[in-house]
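Down below is the structure, laid out as structure tokens.
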Amino acid sequence: MKAVAAQEQACSCMWELPRKDIWRCERCHVYRKGKQEFVSVTRVSKALLPTDYAAIDPITLKIAMVRGILVDQYFTEWLVQGDDNMIPLADVPEMIAPQFPPERTDGTPVDRMRFAIDTAERTMLLIAWWKAQGWTATAIHRIVYDERAGVAGETDVETEGRILDLKVVSAIQPNYELQLGGYLELDGGEKQGAVIHVTKEFVRLVPYNAQRARMRWRSGLDWYWTKEGMLT
Ligand SMILES: [Zn+2]
């Protein structure tokens with residue numbers, strides 16, 4: 001946990017009054033409960049199995065990040081409010097286009113409207129796919145945590161038997177299994193874990209073997225703390 005404190009020391013949330021319930025700081029993404037600080041499942045997963053983005057233009061990564069956040073946001077709104085109270089997705093591109101970066105690193109302009117339309121289209125694909133599954137969301141953005149392990153995470157969406165994580169990406173990364181394993185382990189129940197993979201062309205379910213994912217998470221977390229201890 002020392003490493004978390006070192007990386008997040010710039011954030012003022014550590015000076016806030018301790019809260020009884022667990023919460024996540026929107027600025028630095030650290031979880032806190034009372035005086036305890038928790039490392040996040042995603043941080044551990046990415047530290048154990050980092051994705052090499054060195055060859056990709058940072059602006060491309062930024063665009064993908066903005067798109068992922070927006071698809072999640074509108075999908076969540078739809079899950080909570082349903083069709084009737086949802087902003088028409090046709091109106092969305094104009095609203096969200098300014099959130100994308102205006103130009104590439106080399107100064108060439110970004111076609112923000114194109115990415116905004118793509119974002120709305122992926123959201124529509126995702127909603128149609130979800131409807132076709134016939135699932136009911138039993139939890140949306142639920143925090144799961146373990147005080148003894150000092151770890152917390154937030155699931156995207158859950159059904160009765162599944163913990164699901166939304167990934168609006170071109171390629172599935174090895175650390176997703178660890179991430180799901182972490183949520184399943186912190187949940188402590190009998191649920192299955194899967195990624196909902198959202199691309200431009202399709203939406204599909206990528207299921208993981210819950211037992212194996214949880215086992216890999218446990219040994220990964222053990223190594224994470226071992227390494228933290230060796231570096232401090
Ligand atoms: Zn903070």
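Taken together, the values in this text are just the output of simple stated rules run on the coordinates, not laboratory data. As the structure is a computational prediction, the values presented were derived from the model and not from experiment. Cβ atoms come from the backbone with ideal geometry, glycine included; neighbour counts cover every protein chain shown.
General observations
- Entry for region 184-232 at q = 0.16, 0.21, 0.31 Å⁻¹: log10 I(q)/I(0) = -0.62, -0.79, -1.07, Debye formula applied to identical alpha-carbon scatterers, no solvent contribution.
- For residue 139, the residues whose modelled amide H falls within less than 5 Å of its own, excluding neighbours fewer than 5 places apart on the same chain, are 158.
- When the chain is treated as a GNM with alpha-carbon contacts under 10 Å, the residue of 61, 49, 178 showing the greatest mean-square fluctuation is 61.
- Rounded to the nearest Hz, the phi-derived 3J(HN,Hα) couplings of region 85-90 under the Karplus curve 6.51 cos²θ - 1.76 cosθ + 1.60 (θ = phi - 60°) are 9, 7, 4, x, 5, 5, where x marks glycine and proline.
- Counting neighbouring beta carbons within 10 Å and listing from fewest to most, the residues 111, 187 come out as 111, 187.
- Highest-first packing order for the peptide set 212-221, 20-29 is 212-221, 20-29, based on the mean count of other beta carbon atoms within 10 Å.
- Residue-by-residue Karplus 3J(HN,Hα) for region 139-144, coefficients 6.51, -1.76, 1.60, Hz, glycine and proline x: 8, 10, 6, 8, 8, 10
- Listed from fewest to most Cβ neighbours within 10 Å, the set 158, 121, 94 follows the order 94, 121, 158.
- Summarising the strand pairing of region 54-226, around 70 percent of its internal DSSP beta bridges are antiparallel.
- Helix 58-81 axis, angle to the chain major axis (alpha carbon atoms, nearest 10°): 90
- Computed over the Cα atoms of region 37-169, the ratio of the radius of gyration to the Kirkwood radius (Rg/Rh) comes to 1.01.
- The C-alpha radius of gyration of region 62-111, expressed as a fraction of 2.2 N^0.38 Å, stands at 1.37.
- Computed helical MRE - 222 nm, the chain, DSSP H runs ≥ 4 contributing -39500 (n - 2.57), nearest 500: -14000 deg cm²/dmol
- Filter on 62/200; 20/167; 46/167 - keep pairs with C-alpha separation over 21 Å: 20/167
- Using the Karplus relation 6.51 cos²θ - 1.76 cosθ + 1.60 with θ = phi - 60°, the per-residue 3J(HN,Hα) values for region 147-152 come to 5, 5, 7, x, 10, 9 Hz, with x marking Gly and Pro.
- Taking amide H as placed 1.01 Å from N in the peptide plane, residue 191 has no amide H partner under 5 Å among residues 5 or more places away or on another chain.
- Computed on the Cα trace of the chain, the radius of gyration divided by the Kirkwood hydrodynamic radius gives Rg/Rh = 0.97.
- Scaling the Cα radius of gyration of region 23-115 by the globular reference 2.2 N^0.38 Å produces a ratio of 1.39.
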